[in-house]
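Engineer: Take a look at the following structure, please.
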Amino acid sequence: MNVVIHPVHFDASESLVGFINKKLGKLETFFDKIIEAEVFLKMETKQNIKDKIVEIKLSVPGKTLFVTKTSKSFEESTDLALHTIAGQLKKTKERLQTH
C-alpha cells in the first residue's frame, strides 16, 4: 500500500507521520488489496480553539473510501477515522466476496 500524507499549511512532525503510517499499516489485516492511502491533516480555529482534522481517502479496487474526523489532537482524530474506515473496508470486502 502506498501512503501519502499531506499536512495542510504546516509541517507534520516525524513522530506524527510515523504514528499515522503504523496505524494505516494495520488496515491491511482487514483488506489486503488497498492500493493507496491519502491522509490530509488540517487545523481549524474556532473561537480560539484549535481543532485537528484528519481526512483519509483509501483507494481499493473499484471504489474509493473516504472519512473525515475532528478532535483536539491528530492522534485522536486518526484513531477515530481508522475505526470508521475499518468498518467501511469490512463491508467492501464482504460485498466483493458475495459477488
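What follows is calculated from the coordinates using simple rules that are stated; it is not laboratory data. These figures come from a predicted structure and were not determined experimentally. Virtual Cβ from ideal backbone geometry, glycine too; neighbours counted across all protein chains shown.
Engineer: Which residues, taken from the range 85-99, are part of a helix (DSSP H, G or I) and not small (Gly, Ala, Ser)?
Structural biologist: The first filter runs over the range 85-99 and keeps only residues part of a helix (DSSP H, G or I), leaving 85-98.
ILE85, GLN88, LEU89, LYS90, LYS91, THR92, LYS93, GLU94, ARG95, LEU96, GLN97, THR98 - these are the residues of the range 85-99 that are part of a helix (DSSP H, G or I) and not small (Gly, Ala, Ser).
Let's see how each residue does on (1) of a type in the set (D, E, K, R); (2) touching a residue at least 40 places away in the same chain (Cβ under 8 Å); (3) over 30 Å from LEU96 (Cβ atoms); (4) out of contact with any Pro (no Cβ under 9 Å at 6 or more places or on another chain):
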position: SER15; (1), (2), (3), (4): no, no, yes, yes
position: LYS22; (1), (2), (3), (4): yes, no, no, yes
position: ILE49; (1), (2), (3), (4): no, no, yes, yes
position: LYS72; (1), (2), (3), (4): yes, no, yes, yes
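Engineer: Can you name the condition, by its number, that LYS90 falls short on among (1) surrounded by fewer than 15 Cβ atoms within 10 Å (Cβ to Cβ); (2) without any contact (Cβ under 8 Å) to a residue 40 or more places away in the chain?
Structural biologist: With respect to (1) surrounded by fewer than 15 Cβ atoms within 10 Å (Cβ to Cβ); (2) without any contact (Cβ under 8 Å) to a residue 40 or more places away in the chain, LYS90 is out only on (2).
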